[in-house]
Amino acid sequence: MVFHSVERLITFESFENFLEQPENRDRRYELIHGEIVEKTMPTEQHGIVVTRFLVRLYPHLERINPDVRLGPEIRVRTPGDIHNARQPDISYFADTTRPLSDRGVVERMPDLAIEVKSPTDTYQELRERADYYLANGTRMVIIADPAERRFTVLTPGAVRILNEADVFEGGDVLPGFQMRVSEVFP
C-alpha cells in the first residue's frame, strides 16, 4: 500500500487570521505559494538603500502626480490568487484612481517592485520573486544588490544588469526618472 502525504496550503484568509494573532502583529510575514514565510529583519545597510531609493523616487513622482502611491513593505496580492501575499521592499502604483488601502493588502501588484538583496537572500530567491511579480502584472522589478553594487532590472521579456557607474532610466514605468546606480548604495 502506498501513502502520499498531502501538504495543506495556507490560504490568504487563513494568513490574515494568522497575522491578527497578538504574537504576530509586530512581525513581518509573507504568504508564498501557500506557505507562511517570516521576512528577516532588515540590516542597517538594507534600510539605508531603501530610504535612498524612496528619497530619490518620491519627489520625481510627486511632480507627476501629487497623490503618489509609493512606499516600503506594502502587502500586495493578485485577486484570485489565494496562496500568495507578498511584500516588496518598495512598491509604486501608477494608478491613483483606486481607493487607497487603509488596512490589510492592496489587491493588485505594483507597477514597480524593488527588492534589496540582504546577506541572507540568494539571487535565485529574488529572481523567483521578480518572476512572480512580472507574471502577475508588475511592469518593472529592480533587484538592488549592495554587496555587488549593481541593479538587475527586469521587465517583461528583458533583463538588464547595471553596475554602480551606470545610469538607471525609469522608462515608461517612471517617465523622465534617471539616477546613477551608485546613488542608493552607502
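Observations on the structure shown:
- Cα centroid separation - the range 111-186 against the range 42-91, whole Å: 13
- The stretch between Gln178 and Gln21 holds 52.3 nm of extra length on full extension. This uses 0.36 nm per residue minus the Cα-Cα distance.
- Helix 123-135 vs. the chain, principal-axis angle (Cα, 0 to 90°, nearest 10): 90
- A simple spin-label model places the labels of Thr155 and Glu62 2.7 nm from each other, with each point 7 Å out along Cα-to-Cβ.
- Degrees, to the nearest 10: 44-64 long Cα axis against longest axis of the chain: 70
- Whole-number percent relative contact order across the chain, with pairs defined as alpha carbons under 8 Å at least 6 apart: 17
Taken together, the values in this text are just the output of simple stated rules run on the coordinates, not laboratory data. The structure displayed is predicted, hence computed values, not measured ones. Please note: Cβ atoms are built from the backbone with ideal geometry, for glycine as well, and neighbour counts cover all protein chains shown.
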